[in-house]
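Report on the structure given below.
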Amino acid sequence: MRPGAYFVSGFVTTPDAADATGGMTASVGYLARPQVDVTKDTTLVLDARKAHRLRVETADRASESHSTTLAFGRTWDGTWLHAGSVTGNRSVRTYLADVQGKARDGDFEFASFWRAYAPQLEKLSVVGGAALHPRTAGTGSVNLDGTGEAALVDAGTGTPDELRAAGVAGKIALVEADDDGYLYSLARDAKAAGAKAVLAHRRTAGPWQPSIGFGQAPVPSLGIEADEAAALKSALAKGAVTLRWKATAVSPFVYNLAFPETGPVVSDRTYQVRDKKLGTVTATYEAMGVAADYVDTMVMARPYGGVFSAAGDSVAVPGKRTEYYSAGDTAWTRYLSSSFPWGKAMADQARTYTAGSKRAENWYRGIPAPSAPRGTRRQPRTGRGAAGQPDRRGTRLLGRHRTHGHPGLLRRHRQHEAHQRRQGDRRDRVAVGDVQCPG
């Protein structure tokens, strides 16, 4: 390459070596050199093994992340922008970054964005025995909740005949799942047989992420590793087994956090937040007819023009929760949809927050429909919540829409260059790359 100044940047995903199928991701990292001046033969090494751990601690209550986005933006002359991101969902446990040096020509920013909720499953164990380490198949409202106990029975591969023969009514069904981790059919049949929950396992060793696809699970559905399942089967062969849990099916809060940095990242980061230093929103969600889990999407925008999205999640309706936002210049935009892929969607405007600020939101309040005044030739006016227009709460109803993509283990946003001038609405200046959803 020619002598000159270069920006070197990349994302690295590392497979989980313990998963024999190769489907799980152990870590996601971002490595960058904001400016490398090449004047002679040069060897440049970006080594994810030497990257630095990123963590978040919510000081006022326990929480766990369901979505983490690593993003960067490199600008030159107030004109050119190169930005990109990678988003991991709750199956990814480790996030890393290594940024060395600074941009001398133009500007550079690295940021991480997090959405954190109450821990879904604090404890699942055998009464009088060992603790288990399950993963929940979804984040919806149909999950184990509160504290409780239930008998465990071995229901083989979970066919309707096996479920009936095992007598799963009111009990937790231990079933064998396929390596793809899809549990919806097993959960549906278990519900029909009266099961309290499904505890699935695979023959293949190692960690795995169970899934029920889009929508609500028929019954609480969890997955454990093959070695823990073998121990449970052995215990069942000797007598009755009861499981005990402590869980939160519907989180009463969500943290929406942003941590932008413009300098090097050459050490581990633990970002600690306190509620009093965040913006607080009390959000009320109405149901359109029946209780359900609505699709919850968050988009984050930075002042330089980068626009990024979090992993898709869900919010239980009807309901109310407290939503915390990082104070500062990150603009947050919420999108909700009543179902996937077809549903009634609503979008809030982009908002920034200040420390200690408080506000309230109401979603899906009233029946959204277009309307027109009687006895006039004027153009139809817009009623509250009419499609594409602001209602009196400042929330736009988008109407029926189509969504593409699906929640996989990672959503990779390809790096992209937006070669455009900084004019007009900055949200139009960046085109987010294609979304890839493996798994």
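Taking only protein heavy atoms and a 1.4 Å probe, the accessible area of region 80-217 is 48% carbon and sulfur. Per residue, the accessible area of region 115-175 comes to 41 Å² when a 1.4 Å probe rolls over the protein heavy atoms. Principal semi-axes of the equivalent ellipsoid, √(5λ) from the alpha carbon gyration tensor of region 66-173, are 48, 15, 11 Å from largest down. With the convex hull of its Cα atoms as the shape, region 151-213 has an orientation-averaged projected area of 3.8 nm².
Taking GluC sites (Glu not before Pro) across region 211-302, the ones in a DSSP loop with at most 15 further Cβ atoms lying within 10 angstrom of their Cβ are 286. Applying a threshold of 32 Å to the alpha-carbon distances of 123/276; 50/233; 171/320 flags 50/233 as lying beyond it. Just the protein heavy atoms count here, and of the accessible area of region 247-298 at 1.4 Å, carbon and sulfur take up 53 percent.
The values are calculated or read from the model by the stated rules, or taken from the named source; none is laboratory data. Quick caveat, the model's predicted, so the values are computed rather than measured. Heads up, the Cβs are rebuilt from the backbone with ideal geometry, glycines too, and the neighbour counts pull from every protein chain shown. These accessible areas exclude ligands, DNA and RNA; they are computed on the full protein's heavy atoms, side chains included. Shrake-Rupley method; radii C 1.70, N 1.55, O 1.52, S 1.80 Å.
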